[in-house]
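Everything below concerns the one structure shown next.
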Amino acid sequence: MAEKHKVGSVSALAAGKPLSAKIDKQNIAVFMINGAVIATEGKCPHAGGPLHKGELDGSKLSCPWHGWTYDLTSGVCEEDPEVRLPTFPVQVEGDDIYVLL
Ligand code: FES
């Protein structure tokens, strides 16, 4: 059964800075896209770049290392549609953000 893990606050995310968290051995990146909180794998599937440091343009995230681009609403990689960024369920309670793992 999934467990709830607090990863940060909505107010911090709303300030425009993605969050990163590590739960057990899982790296997580947390973004706000059009008011919705989205949690994804934190390391780029290409070579492990830190995705929370990537550049956001709407729902498109560019990896800071080699620029692979992901659509955060679907997880699909534009350079290789076979590559999909895993996403995780999120729960928001007040200002607290939880990821379910
Ligand atoms: S590690 Fe992300 S594009 Fe290479």
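The values are calculated or read from the model by the stated rules, or taken from the named source; none is laboratory data. Note that the structure is a prediction, hence the values are computed from the model and not measured. Note that we place each Cβ from the backbone using ideal geometry, even for glycine, and neighbour counts take in every protein chain shown.
Of all residues in region 58-73, those that are over 12 Å from Pro18 (Cβ atoms), of a type outside the set (Gly, Ala, Ser) and modelled with pLDDT of 95 or more total 8. When each of Gly16, Gly35, Gly42, Gly58 is tested for being closer than 22 Å to Glu82 by Cβ and without any contact (Cβ under 8 Å) to a residue 60 or more places away in the chain, the lone residue that passes is Gly42. Filtering Leu101, Leu61, Leu51, Leu85 for residues that are under 25 Å from Ala2 (Cβ atoms) and either among the charged types (D, E, K, R) or surrounded by fewer than 20 Cβ atoms within 10 Å (Cβ to Cβ) (or both) leaves a single hit, Leu101. State yes or no: is Glu78 at pLDDT 95 or above, over 11 Å from the mean Cα position of the chain (by Cα), surrounded by fewer than 17 Cβ atoms within 10 Å (Cβ to Cβ) and more than 16 Å from the ligand (Cβ to nearest atom)? So Glu78 fails the test.
The residues in region 56-68 that are touching a helix residue (DSSP H, G or I) at 6+ places or on another chain (Cβ under 7 Å) and outside any strand (DSSP E or B) can be counted, and the count is 2.
Could you check, for region 88-96, whether at least one of its residues is within 15 Å of the ligand (Cβ to nearest atom), of a type in the set (A, V, I, L, M, F, W, C) and surrounded by 14 or more Cβ atoms within 10 Å (Cβ to Cβ)? Checked region 88-96: no residue is within 15 Å of the ligand (Cβ to nearest atom), of a type in the set (A, V, I, L, M, F, W, C) and surrounded by 14 or more Cβ atoms within 10 Å (Cβ to Cβ). Scanning region 56-75 for residues that are within 12 Å of the ligand (Cβ to nearest atom) and over 11 Å from the mean Cα position of the chain (by Cα) turns up Ser62, Cys63, Pro64, Trp65, His66, Gly67, Trp68, Thr69. Residues in region 69-92 that are assigned to a loop (DSSP other than H, G, I, E, B), in contact with an Asp or Glu (Cβ under 6 Å, 6 or more places away or on another chain) and farther than 20 Å from Gln26 by Cβ: there are none.
For region 26-55, give me each residue that is assigned to a strand (DSSP E or B) and away from the ligand (no atom under 13 Å from the Cβ).
Gln26, Ile28, Val30, Phe31, Met32, Ile33, Ala36, Val37, Ile38, Ala39
Among the residues making up region 64-75, those that are surrounded by 15 or more Cβ atoms within 10 Å (Cβ to Cβ) and within 23 Å of Ala14 (Cβ to Cβ) are Tyr70, Asp71, Leu72, Gly75.
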